[in-house]
Structures are given as structure tokens and as C-alpha cells.
1. Restricting to segment 3-45, name every residue that is of a type in the set (S, T, N, Q) and either under 16 Å from the mean Cα position of the chain (by Cα) or under 19 Å from VAL105 (Cβ atoms) (or both).
2. Sort out which residues of segment 70-84 are in a helix (DSSP H, G or I) and either touching an Asp or Glu at 6+ places or on another chain (Cβ under 9 Å) or of a type in the set (Ser, Thr, Tyr) (or both), and write them in order of number.
3. Out of (1) under 16 Å from the mean Cα position of the chain (by Cα); (2) on the phi < 0 side of the Ramachandran plot, the odd one out for ARG112 is which?
4. From the set of residues in segment 22-68 that are among the small types (Gly, Ala, Ser) and in a loop (DSSP other than H, G, I, E, B), which is surrounded by the most Cβ atoms within 10 Å (Cβ to Cβ)?
5. Just one of LYS91, LYS83 is basic (Lys, Arg), over 16 Å from the mean Cα position of the chain (by Cα) and closer than 20 Å to ARG121 by Cβ; which is it?
6. Among the residues of segment 3-17, are any farther than 25 Å from GLU132 by Cα and not hydroxyl-bearing (Ser, Thr, Tyr)?
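Any read-out appearing in this document is the output of simple, stated calculations on the displayed coordinates, not a laboratory observation. Because the structure is a prediction, the values reported are computed rather than measured. With ideal geometry, Cβ positions are generated from the backbone for all residues, glycine too; neighbour counts draw on all protein chains shown.
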Amino acid sequence: MPDLSLFTIGFTKKSAERFFTLLRDAGVRRVLDVRLNNSSQLAGFAKQDDLRFFLREIGGIDYVHLAALTPTQEIIDTGRKRKDWTAFEHKYRQLIEERQIEKAVGRSLLDRGCLLCSEDRPDHCHRRIAAEYLAEKLGGITITHLF
């Protein structure tokens with residue numbers, strides 16, 4: 001089975017021009033939004049309905065909200081309010097294992113897909129954990145972080 005390409009990106013600290021150029025230049029076919037709160041973001045271009053429009057118009061890119069990959073508010077609060085990344089990572093990993101996200105997300109959806117969250121870099125973001133988990137469970141996935 002040939003490798004499929006899975007990307008991740010965060011919109012924070014990026015202009016709309018940089019964000020959409022990164023996606024287009026990487027050859028992303030669909031953005032897979034893994035944010036719990038995807039309609040009230042501060043960056044106007046990243047709100048769900050606006051983002052869907054811009055992706056389609058600028059790059060012919062599809063948009064899918066993947067609720068199965070979103071952390072719970074409790075897990076988000078662990079990371080942000082308590083600033084405990086280790087606990088956040090553990091709880092989120094446990095959640096996606098319980099949800100069996102590998103069954104909810106098919107390989108065809110992931111191929112040339114891009115997991116979207118708000119964090120600028122993937123180091124302390126659940127999109128990286130989800131991407132690594134999917135690569136581990138499904139195999140044959142090359143992950144590229146766009147930033």
C-alpha cells in the first residue's frame with residue numbers, strides 16, 4: 001500500500017496569504033478541521049463558513065469538520081488553564097483511542113488532507129497527536145507539518 005500524504009497546519013500567526021499559499025503549494029485537497037470551537041475564532045478567515053468559502057475559491061480545496069478528532073473542553077482546559085502539556089497529551093490520546101478515530105476517518109479522506117487547528121506550531125497541539133496516532137494505526141502515512 002503506497003504512502004499517503006497527511007498535512008497539519010495552524011492558522012495563528014499567519015496572514016491569510018501565507019496560510020492559503022502553504023495549503024495550495026503543498027497540494028492539499030481538503031482541510032480537516034479538528035477544532036472544537038471552529039466558528040468563533042479571532043482570525044476572520046479561519047471561521048468555519050468563511051474558511052470553507054476561501055478554501056474552495058482560492059485553492060479548490062474541500063473543507064470537512066472532523067468532530068471525532070476534537071478534544072473535549074475539559075481536555076483543552078487542562079492544557080491551557082493548568083498549562084500541563086503532559087496531562088493534555090495523555091488525556092487527548094486516551095480520548096482518540098476510545099473514539100477509535102482510525103475507524104471514523106478513512107484513508108481516502110486523509111490522503112492529501114490537512115488537519116487544521118489554531119496553534120501556530122505542531123509541537124503542543126492535538127493535531128500532531130491525532131496525525132501520529134492515525135499514522136501508527138493505519139500505517140503508510142507520511143506527515144508534513146506546514147508552518
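1. Within segment 3-45, SER5, THR8, THR12, ASN37, ASN38, SER39, GLN41 meet the criteria.
2. The first filter runs over segment 70-84 and keeps only residues in a helix (DSSP H, G or I), leaving 73-80.
Across segment 70-84, the qualifying residues are THR78, GLY79.
3. Failing condition for ARG112: (2).
4. Looking at residues that are among the small types (Gly, Ala, Ser) and in a loop (DSSP other than H, G, I, E, B), I get ALA43.
5. LYS83
6. yes
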